[in-house]
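The values are calculated or read from the model by the stated rules, or taken from the named source; none is laboratory data. As the structure is a prediction and not an experimental result, all values here were calculated from the model. Because the Cβ atoms are built from the backbone with ideal geometry, glycine has one as well, and the counts that use them run over all protein chains shown.
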Amino acid sequence: MPKTRQAVLLTRCPQFLGALFILAVTAVPTWAEVIECVNLSGASDDDHRYYVVLCARESIPWGPGHAFVVWLEQAADGQVLDATGLGFYPSERPLIVRFFGIRGEIVDESTREASVEPTLLTHRLVCQVDRPTLLRSRSALMKWHKAERNYRLLACNCKHFAYEIACAIGLKPPKPRVAERPPAYINRVIDAASREDEQ
């Protein structure tokens, strides 16, 4: 997969989180988004393609932004067979999330208005993986489901979810910083993956 880091124009796709989050780019951008593509897949006789995509977006109407993860499977002809986007949120929406924590939950991003609005996307790290790596990342996801973690504003949030999935697919991401906005964090993950890919 060619490596790119560019401003792009994303077009709406009828299949949520399909080509929209992976390859739907055109030459003339109307908004800026940082995209990096890395190939983490080994040799395989499987003709399917698998992707784990670490994403960041802005919030609406205001807020720090959000990080989430997309899992995608494509057939050899490019048809999207499965596309799932998930993120970690507080289970309640208090005006201010309590610092000591509130129950967290994994949420389907297709139910979040901001996540299906391409103009809000700021960063995507598109990682092509093999099936065993994809399954390993899904195991990490299941651990989050089973742990029923509390959402803590500074210590266990959407960035930490993205961090653990990144580790599960073999990246060496930096740890999230306290009070770091999700787009800034995913940008640091992209920088780290880019340096790693160049070595």
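Values as computed for the structure displayed
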read-out	value
Complete set of residues in the range 117-146 that are touching a strand residue (DSSP E or B) at 6+ places or on another chain (Cβ under 9 Å), in a helix (DSSP H, G or I) and within 25 Å of Ser91 (Cα to Cα)	Pro118, Leu120, Ser137, Arg138, Leu141, Trp144, His145
In the range 51-72, the residues that are of a type outside the set (A, V, I, L, M, F, W, C) and either crowded, with 24+ Cβ neighbours inside 10 Å or part of a loop (DSSP other than H, G, I, E, B) (or both)	Arg57, Glu58, Ser59, Pro61, Gly63, Pro64, Gly65, His66
Qualifying position, being in a helix (DSSP H, G or I) and within 14 Å of the chain's Cα centre (by Cα), among Ala192, Ala184	Ala184
Lys159 being touching a helix residue (DSSP H, G or I) at 6+ places or on another chain (Cβ under 7 Å), more than 17 Å from Tyr51 (Cβ to Cβ) and part of a loop (DSSP other than H, G, I, E, B)	no
Residue in the range 62-78 that is among the aromatic types (Phe, Trp, Tyr) and closer than 18 Å to Cys37 by Cα present	yes
Condition check for Ala155: farther than 19 Å from Leu134 by Cα and small (Gly, Ala, Ser)	yes
Among residues of the range 128-159, those that are closer than 19 Å to Arg57 by Cβ and more than 14 Å from the chain's Cα centre (by Cα), counted	2
Within the range 140-153, considering residues that are free of Cβ contacts under 8 Å to residues at least 40 places away in the same chain and over 16 Å from Leu171 (Cβ atoms), the one surrounded by the fewest Cβ atoms within 10 Å (Cβ to Cβ)	Lys146
One residue from Ala184, Ala193, Ala162, Ala114 being farther than 15 Å from Arg57 by Cβ and either surrounded by fewer than 22 Cβ atoms within 10 Å (Cβ to Cβ) or among the small types (Gly, Ala, Ser) (or both)	Ala193
Among (1) in contact (Cβ under 8 Å) with a residue 60 or more places away in the chain; (2) closer than 30 Å to Ser44 by Cα - the single one Tyr163 does not satisfy	(1)
Residue match in the range 5-17 (condition: outside any strand (DSSP E or B), among the polar types (S, T, N, Q) and at pLDDT 75 or above)	no
The lone exception for Asn150 - which of (1) modelled with pLDDT of 95 or more; (2) among the polar types (S, T, N, Q); (3) farther than 19 Å from Cys37 by Cα it fails	(1)
Residue in the range 176-191 that is of a type in the set (Gly, Ala, Ser) and at pLDDT 95 or above present	yes
Some residue of the range 89-105 being free of Cβ contacts under 8 Å to residues at least 60 places away in the same chain, in contact with an Asp or Glu (Cβ under 7 Å, 6 or more places away or on another chain) and closer than 30 Å to Asp47 by Cβ	no
